[in-house]
1. Cα gyration tensor of region 80-197, axes a ≥ b ≥ c as square roots of the eigenvalues: rounded (a/c below 1.5), prolate (a/b > b/c) or oblate?
2. Could you list which residues have their amide H under 5 Å from that of A81, counting only those 5 or more apart in sequence or on another chain, with H placed in the peptide plane?
3. Mind sorting F83, F61 by how few other Cβ atoms lie within 10 Å of their own Cβ, fewest first?
4. Largest first and in whole Å, give the semi-axes of region 155-239's equivalent ellipsoid, each being the square root of 5 times a Cα gyration tensor eigenvalue.
5. Can you tell me what share of the DSSP beta bridges in region 24-213 is antiparallel? A percent to the nearest 5 is fine.
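Read-outs throughout are calculated quantities, based only on the coordinates presented, and are distinct from any laboratory measurement. Because the structure is a prediction, the values reported are computed rather than measured. Reconstructed Cβ throughout: ideal geometry from the backbone, glycine too, with neighbour counts over all protein chains shown.
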Amino acid sequence: MLLVGWFFLLLFSSNMAELTATYTTNGPVAQRIASSIPYFPFKGIDRFYDIGGMLAHPEIFQLAIDSYVDKYKDIDITSIAGFDARGFILGPPIALALKKPFIMLRKAGKMPNAITGSEYKKEYEGDNAAGGDTLGIQRGAVKPGDRVLLVDDLVATGGTLLAGIELVKQLGGSVVECACMVELQALGAANRIAEQHPEIAVWGLISEQILTRDGEAELQADAAAADTAAGQGEPTQEL
C-alpha cells in the first residue's frame, strides 16, 4: 500500500512538473484556473475578477500556487510580501513552499511596531474616505539588501504596488517582481510602474483574455432557472 501511495505521489509530481514547465498565461493550466474565477462589476470596474471561486476548489487553488512556486523557485528571493487582504491568501502558501518569510503590507494603523510609507492613491472607487492611504510594514521585516517578491490578486491602477515598491526601497530592499493573479491591462499599471521603476516587471498568472465567466449573468440565469422550476412545481387548479 505504501508503495502504491508513493507511485501516485510521484506520478502527480511528474504531471505537475510537466504542466508548469510549459506554463503560459493563456495555456491549459491557466484556462483551468480561469474557469473558477468569475467577474462582476465592482467599485467602478466593469470586470472585477473574484478569486473566491478559485478558493472554493482546493485542487485549482493548489494548481495556482504550484504555478507561482514553479516560476519563482530558482530566482534569488529573500522574502514574499503580500498586500492586505487578498495578497494574504496567495502569499503565505507561496512563501511556505519556497521556504521564505512572509511579510504583511497593510494600511497604516493596522499593525503594531510598523513603519509607514508615503501616501498613495486608492485602487478602486469607493474605497474608504476621500483622499489617499499610507502603507505600513513591521519594523525589521525588510533589511538592506533583501530581495522581495510582491504578491496581490488583482492589479488595477498600480497605486498599491507602487506604494509597496517604494516602502521596500525605503528600507534598503529591492523588489524582484510584482506577481498577481490578473492585471487589468487597460488601466496601465505595468506601464506606470515601468516608468518609475523600469527594473521591475508585473507578472499576471492568468491572461484577461481567457477570463470569460460573467458572474452577474450566471447569477441572473440561476435565478431565472429557479423561478421557472418554482413555477413548474406549483399545483394547477381544476376548473
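1. rounded
2. Placed amide hydrogens put I103, L149, L150, V151 under 5 Å from A81.
3. F61, F83
4. With the √(5λ) rule applied to region 155-239, the semi-axes are 50, 12, 9 Å.
5. 35 percent
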